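Where a number appears in this text, it was derived from the coordinates with a stated rule and is not lab data. Note that this is a predicted model, so its numbers are computed, not measured. We place every Cβ from the backbone using ideal geometry, glycine too, and count neighbours over all the protein chains shown.
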Amino acid sequence: MIALKALGLTPRNIITWHKNNAMPSMTKRSFTHSCEYMLYFTKGKKWIFNYSELKKINPDKTKDGSEKQMRDLWIMPVCQGKERIKDKTGRAFHPTQKPEALLERIILASSNKGDIVLDPFLGSGTTAFIAQKLSRKWIGIETDDKYTSRLQKRE
Ligand SMILES: C[S@@+](CC[C@H](N)C(=O)[O-])C[C@H]1O[C@@H](n2cnc3c(N)ncnc32)[C@H](O)[C@@H]1O
């Protein structure tokens, strides 16, 4: 946060992703970790925030069943099932593959069709995959060849 502020960006939200299927704590001597945090910073005065689109995809509804503003608490499970990429031995291909729904929300919130999305820690490529699906261009950086080599095959 200090670095982003020093670069002249403005903090807007700290979004909490609550993983409602988080692994139980092994030690049983502290609270179980079940959250990750996302810093939502903007630059300049004309940032993109697709308010109406976020309302449309918000699973929470108001009491009368109509669309609700997206809150900064996002409850969704860690990547699992068919979506989770497996290696040849059937183990998870990437230890921290993010859920597609999470990236969908982030990219829809902060970009428009044709925009470029940058992920400097691409991993299994969830950002690139969803950016493409949502008609955005993308740039991904990943240090481990094991992950980049499989990117083309992601579907
Ligand atoms: C948290 S994972 C990203 C997971 C990704 N969002 C996904 O859905 O698969 C972070 C990734 O950053 C990569 N990484 C770590 N340091 C890096 C660096 N200096 N430059 C580029 N990639 C790096 C790691 O190899 C790892 O795959």
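Once amide H atoms are built 1.01 Å from N in the peptide plane, which residues 5 or more positions from VAL78, or in another chain, come under 5 Å H to H?
ASN20, ASN21
Placing +1 on the Cβ of each Lys and Arg and -1 on the Cβ of each Asp and Glu in region 1-62, which of GLY8, MET26, PRO59 has its Cα farthest towards the positive end of the resulting dipole?
GLY8
Please list, ordered by chain and number, the residues whose modelled amide H lies under 5 Å from the amide H of TRP138; skip anything fewer than 5 residues away on the same chain.
When sequence neighbours closer than 5 places are left aside, the close amide H contacts are VAL117.
If you count the DSSP beta bridges with both ends in region 2-153, what percent of them are antiparallel, to the nearest 5? Mind showing how you got there, number by number?
On the way: 10 of 17 bridges.
About 60 percent, rounded to the nearest 5.
Ranking request for peptides 76-87, 101-112: highest mean number of other beta-carbon atoms within 10 Å first, then the rest in descending order. Don't skip to the answer; put the middle values down first.
Numbers: 76-87: 13.2, 101-112: 18.3.
Peptide ranking by packing, descending: 101-112, 76-87.
Residues with amide H under 5 Å of PHE41's amide H, sequence separation 5 or more or different chain, H placed in the peptide plane at 1.01 Å from N; which?
Residues meeting the criterion, in which the H sits 1.01 Å from N, are ARG12.
Please list 3J(HN,Hα) in residue order for region 147-155, calculated via the Karplus relation 6.51 cos²θ - 1.76 cosθ + 1.60 where θ = phi - 60°; whole Hz, with x for glycine and proline.
Using θ = phi - 60°, the values come out as 7, 5, 5, 9, 4, 4, 7, 5, 9 Hz.
For region 53-69, what does the Karplus curve 6.51 cos²θ - 1.76 cosθ + 1.60, with θ = phi - 60°, yield as ³J(HN,Hα) per residue in whole Hz, taken in order and with x for Gly and Pro?
Whole-Hz 3J(HN,Hα) from phi for region 53-69: 5, 5, 4, 4, 8, 5, x, 6, 10, 6, 4, 8, x, 8, 4, 10, 4.
Sticking with the crude label model, points 7 Å out along Cα→Cβ, report the distance from ASN58 to LYS133 in nm, one decimal please.
2.2
Quick one: 3J(HN,Hα) in Hz for region 128-136, Karplus 6.51/-1.76/1.60 with θ = phi - 60°, rounded, Gly and Pro as x.
Values per residue, Gly and Pro as x: 5, 4, 6, 4, 5, 4, 9, 6, 9 Hz.
Could you list THR27, THR148 so that the one with the fewest beta carbons within 10 Å of its beta carbon is first and the one with the most is last?
Fewest-to-most ranking of THR27, THR148: THR27, THR148.
Would you kindly state how much longer the chain becomes between MET38 and ARG150 on full extension, computed as 0.36 nm times their sequence separation minus their alpha carbon distance, in nm to one decimal? Write out the running numbers ahead of the final one.
Details: separation 112, 0.36 × 112 = 40.32 nm, distance 2.63 nm.
37.7 nm is the gain from fully extending MET38 to ARG150.
What whole-number distance in Å separates the alpha-carbon centres of region 107-131 and region 29-81?
Region 107-131 and region 29-81 have Cα centres spaced 16 Å from each other.
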